[in-house]
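Shown next, in structure tokens, is the structure this report addresses.
The values are calculated or read from the model by the stated rules, or taken from the named source; none is laboratory data. Keep in mind that what you see is a predicted model, and the values were worked out from it rather than measured. Reconstructed Cβ throughout: ideal geometry from the backbone, glycine too, with neighbour counts over all protein chains shown. Each accessible area value is taken on the protein alone, full model and side chains, heavy atoms only, with ligands, DNA and RNA left out. Shrake-Rupley method; radii C 1.70, N 1.55, O 1.52, S 1.80 Å.
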Amino acid sequence: MIGLPAGTRVWLVAGHTDMRKGFDGLAAMVQTALTRNPFEGHVFVFRGRRGDILKVLWFDGQGLMLLSKRLERGRFVWPQATSGSVSLTPAQLSMLLEGIDWRMPVRTHTPELAA
């Protein structure tokens with residue numbers, strides 16, 4: 001995953017999106033559905049109807065970047081809401097892109113007392 005600048009917010013666009021949309025269509029969706037500016041430097045994540053494809057739209061200060069990922073098996077974990085947005089941390093975005101359930105991550109080790 002590309003390192004995001006400090007203060008960058010990650011927004012999941014609830015519901016499903018037509019994955020045929022490109023830069024302009026997704027930027028227009030950010031403006032109309034979320035009433036946000038796609039050029040403010042935040043990350044916007046869209047999921048297709050089947051749930052196995054994501055598109056990530058990000059303005060890095062010089063231009064829009066569009067990333068796409070398709071899972072070979074399984075589906076991306078997505079909120080149940082059909083409209084609006086959900087805010088994630090960059091760490092949760094990394095988990096989402098890896099196909100991990102970002103809502104309830106399970107730690108592999110619980111620290112114990114040192115002494």
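The single condition from (1) surrounded by 15 or more Cβ atoms within 10 Å (Cβ to Cβ); (2) in a loop (DSSP other than H, G, I, E, B); (3) of a type outside the set (D, E) that L26 fails is (2). For the range 65-74, check the following and say yes or no: at least one residue is at pLDDT 90 or above and either of a type in the set (K, R) or assigned to a loop (DSSP other than H, G, I, E, B) (or both). Checked the range 65-74: at least one residue is at pLDDT 90 or above and either of a type in the set (K, R) or assigned to a loop (DSSP other than H, G, I, E, B) (or both).
Please verify whether the range 69-86 includes one or more residues that are over 16 Å from L12 (Cβ atoms) and among the acidic types (D, E). Yes, the range 69-86 has at least one match.
M1 meets the conditions (1) assigned to a strand (DSSP E or B); (2) modelled with pLDDT under 95 in every case but one. The failed one is (1). Total residues in the range 3-23 satisfying the condition of being under 19 Å from M95 (Cα atoms), open to solvent by 70 Å² or more (accessible area, probe 1.4 Å) and in contact (Cβ under 8 Å) with a residue 40 or more places away in the chain: the figure is 1.
Please find, within the range 43-64, the residue that is farthest from W11 (Cα to Cα) out of those that are touching a strand residue (DSSP E or B) at 6+ places or on another chain (Cβ under 8 Å) and assigned to a loop (DSSP other than H, G, I, E, B). Among those residues, the one meeting the criterion is D52. Within the range 62-82, the set of residues being closer than 14 Å to G51 by Cα and open to solvent by 100 Å² or more (accessible area, probe 1.4 Å) comprises R70, E72, R73, R75, Q80, T82.
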